[in-house]
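J.: Got a structure for you, written out below as structure tokens; questions coming shortly.
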Amino acid sequence: MTHPDQTISNQSGIAKRLFRYALTAKGTFIAALIMLAIGVAAELAGPFIAKTMIDDHILGIEKPYYESSSPEKSASYQGSHYKREDHFRDEETRGKEVRILQIGSSFYFVPERVERTEGDRSFQDGVLTISYGNESSQYPAAKLSTSELFAFFEPELPGIYRLVGLFLIAMVVSMIAVFARTYWLQSSANRVIQKLRTDVYAHIQRLPVHFFDNLPAGKVVSRVTNDTEGVKDLFVAVLSNFASGAIYVTGVYVALFLLDVRLGLISLFVIPMLVIWTVLYRKFATKYNVVIRSRLSEINAIINESIQGMPIIRVFRRQKATQEEFEALNEDYMAHQNKMLNLNSLTTHNLVNVLRNLSFVVILWYFGSASLNGTGIVSIGVLYAYVDLMGRMFQPITGMVNQLAALDSSIVSAKRVFELMDEKGEAVTDGSMPRYKGNVEFKDVSFAYKKDYVLKNISFEAKQGQTVALVGHTGSGKSSIINLLFRFYDPQEGTITIDGQPVTDIPKQWLRQHMGIVLQDPYLFTGTIASNVSLGDPRITREQVDKALCDVGADKLLGHLPQGFDEPVIEKGSTLSAGQRQLISFARALAFNPAILILDEATANIDTETEALIQDALEVLKKGRTTFIIAHRLSTIRSADQILVLHRGEIVEKGSHDELMELQGRYYKMYQLQQGSMQPPPEQKEAAFAAAAAEAAGGLA
């Protein structure tokens, strides 16, 4: 079980690596965050504009008015001009003070100074009464008609129009900022994921071959595609929501403290609740997301495996068993998705709404009642702005909470991607080395894939231009020798040299540059016949491609195709015959002109009619280079300069075909069996089969 401290450390390391990738597009990220801040400021200007409109222009009608001789910014009532106190210039003379007070939906003109406006108000028979506690004050008053009331509001209209204009400008700025923020976040996220995906794919190219023996191709594909796409969600949706949410919430709190310090302090209770909420959520979500990502990877692996092996599944009628295996994985995937769904349903916007409503009830009860009964703790404009700001604050909080699932999923995806990138790769050495001659020597080489040695004290020498054949039962060690020659693995004991230089002293890329291989089942890539010969290497011209194909006789089997050597090749060359595919692979090896050539049972899948053409192509291919042939059909290696007979990881016989036939040992018996002139007794067949099975089960190559 992972220790909590270790989990925190892992997540910290993942966050640092993600941050380093984010720095690859720091310019656009910074621009997006700047636009985000501008957009938040523009949006938060709205409540302040509304507060100013309410307090200074709408409810400001209850401020003291003074009689004035100037009609500028004044209201005309019963032949006199009255101007609000905040509209007077310093040098202007103020006349008699009057007030406009509201009772219900009606407004009343009081032609004298009012000492206190707070309290309960009533109007009857031309008298306005204001009661506060046990005391009350009475003033003569007259109800204003609609036109008379408008006269007092009319001087405020220019200020209101300016505020409306500012509000519209703020909305336009906010819209532009949101567009720019979204565009730049998306583009920078795409750039980061492009870099991450390129690095992952490049690292896969550097991973040792044995790594892919233990990890199915579908799981690798899932990490390069699904998991990197999950990381993209982190930079697009999660970063956008959390960055905008953090800036928005910070802006709201600044605005709240500017409105009223008490309101800001009381509203701080939201922050610790959010922190506790996030910690508790991720404690459960991470556990589910790890399983979800793992099952998705396994689903990809089984789909890939089923498509690759569809003929075998059909022939052996394994459709139902394969489907049941798939359904079991899919069922477990769905079960954990439902657990995440339940968790998200319990911990997303529903709880945010409860929290928001609770805060509104507390604040409105404490401050709102005081404002409405006239005790005047805060103004109506401040209260309106507070409610507006709190509503705006909970919107990004909802966005952040809703993205907690994506955040955790992205972190899990990033962890899986970085785990793949942390696998030790082979060192890449730039440059190249001159083409070596191809003198190969194995000296006392012993090798084990795990614990048991599959090669024991292997010693032989292959000189330039010679053909060396490796024969033996399955599991005898033939492929292991080739794996060591290619340096897919290095031996535990002994040395392998090429032209007298130990292969461990030669960078792997340089070593393989002058090696070629033709497999029993050649692999062709999607493209054309010509592109499969050159493999896109700019050093190989089209003339060299055509010459290589003609030299191996491919023009005889491929010349009739509609587009000749430009005929399209679909995945693995499934539209071509085995012979055609083999000749293309021969031409590929010839075009690259290797010093050492490996033929892995290159004629095993060829029909008798095509075999003569293939044998001629082999002679062309082997000329002037050291050739290793893994052979099961012994008739194809009679002309080999040296034949190594392997048994249980040891060379038990060595020599030419004629020399080994004279020995009448293991090679002689194998050859006779293949020629059909010697049939072993049943018990010998069973013993040979049991030995081969035991070797294969032991993991011998």
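The values are calculated or read from the model by the stated rules, or taken from the named source; none is laboratory data. Worth saying up front: this structure is predicted, and the values here are computed from it rather than measured. No Cβ is skipped: glycine too gets one built from the backbone with ideal geometry, and neighbour counts run over all protein chains shown. We work out accessible area using only protein heavy atoms, side chains counted, and drop any ligands, DNA or RNA first. Shrake-Rupley method; radii C 1.70, N 1.55, O 1.52, S 1.80 Å.
J.: Can you pull out every residue in the stretch 45-71 that is open to solvent by less than 40 Å² (accessible area, probe 1.4 Å) and in a loop (DSSP other than H, G, I, E, B)?
T.: Answer for the stretch 45-71, where residues must be open to solvent by less than 40 Å² (accessible area, probe 1.4 Å) and in a loop (DSSP other than H, G, I, E, B): 64, 70.
J.: Any idea how many residues of the stretch 415-445 are out of contact with any Asp or Glu (no Cβ under 8 Å at 6 or more places or on another chain), closer than 30 Å to residue 494 by Cβ and not in a strand (DSSP E or B)?
T.: So the count comes out to 13.
J.: Check the stretch 642-663 and report whether any residue there is modelled with pLDDT of 85 or more, open to solvent by 10 Å² or more (accessible area, probe 1.4 Å) and in a loop (DSSP other than H, G, I, E, B).
T.: yes
J.: With the condition kept exactly as written, say whether any residue in the stretch 124-139 is part of a strand (DSSP E or B), closer than 25 Å to residue 76 by Cβ and in contact with a Gly (Cβ under 7 Å, 6 or more places away or on another chain).
T.: no
J.: Additional query: May I ask you to verify whether residue 629 is closer than 24 Å to residue 516 by Cβ, open to solvent by 10 Å² or more (accessible area, probe 1.4 Å) and part of a strand (DSSP E or B)?
T.: yes
J.: Let me ask you something else. Are there any pairs, at least 6 apart or on different chains, whose C-beta atoms fall under 7 Å, with the first in the stretch 96-123 and at positive phi and the second of a type outside the set (Phe, Trp, Tyr) and crowded, with 18+ Cβ neighbours inside 10 Å, and if so, which?
T.: Sorted first by the residue in the stretch 96-123, then by its partner, the pairs are 119/130.
J.: Still on this structure, please answer the following. Free of Cβ contacts under 8 Å to residues at least 12 places away in the same chain, closer than 21 Å to residue 414 by Cα and surrounded by fewer than 17 Cβ atoms within 10 Å (Cβ to Cβ): does that describe residue 212?
T.: Details: free of Cβ contacts under 8 Å to residues at least 12 places away in the same chain: yes; closer than 21 Å to residue 414 by Cα: yes; surrounded by fewer than 17 Cβ atoms within 10 Å (Cβ to Cβ): yes.
When the stated conditions are applied, residue 212 passes them.
J.: For the stretch 420-457, name all the residues that are of a type in the set (D, E, K, R) and within 35 Å of the chain's Cα centre (by Cα).
T.: 422, 423, 424, 426, 430, 450
J.: When the stretch 478-511 is examined, which residues are found to be out of contact with any helix residue (DSSP H, G or I) (no Cβ under 9 Å at 6 or more places or on another chain) and within 17 Å of residue 208 (Cα to Cα)?
T.: 479, 480, 481, 482, 483, 492, 504, 506, 507, 508, 509, 510
J.: Being touching an Asp or Glu at 6+ places or on another chain (Cβ under 7 Å) and either charged (D, E, K, R) or closer than 18 Å to residue 642 by Cβ (or both) is the filter here, so list the residues in the stretch 446-467 that pass it.
T.: 456, 457, 459, 461, 466, 467
J.: Scan the stretch 461-472 for residues that are surrounded by fewer than 20 Cβ atoms within 10 Å (Cβ to Cβ) and either hydroxyl-bearing (Ser, Thr, Tyr) or not in a strand (DSSP E or B) (or both) and jot them down.
T.: 463, 464, 465, 466
J.: Restricting attention to the stretch 525-571, which residues are in a loop (DSSP other than H, G, I, E, B), surrounded by fewer than 16 Cβ atoms within 10 Å (Cβ to Cβ) and of a type outside the set (D, E, K, R)?
T.: 525, 526, 535, 536, 538, 541, 559, 560, 561, 562, 563, 570
J.: Shifting gears a bit: I need a count of the residues in the stretch 572-583 that are open to solvent by 60 Å² or more (accessible area, probe 1.4 Å) and either in contact with a helix residue (DSSP H, G or I) (Cβ under 6 Å, 6 or more places away or on another chain) or touching a residue at least 40 places away in the same chain (Cβ under 8 Å) (or both). Spell out the reasoning first.
T.: In the first step, residues of the stretch 572-583 are kept if they are open to solvent by 60 Å² or more (accessible area, probe 1.4 Å); the result is 572, 574-575.
From what's left, either in contact with a helix residue (DSSP H, G or I) (Cβ under 6 Å, 6 or more places away or on another chain) or touching a residue at least 40 places away in the same chain (Cβ under 8 Å) (or both): 572.
Number satisfying all stated conditions: 1.
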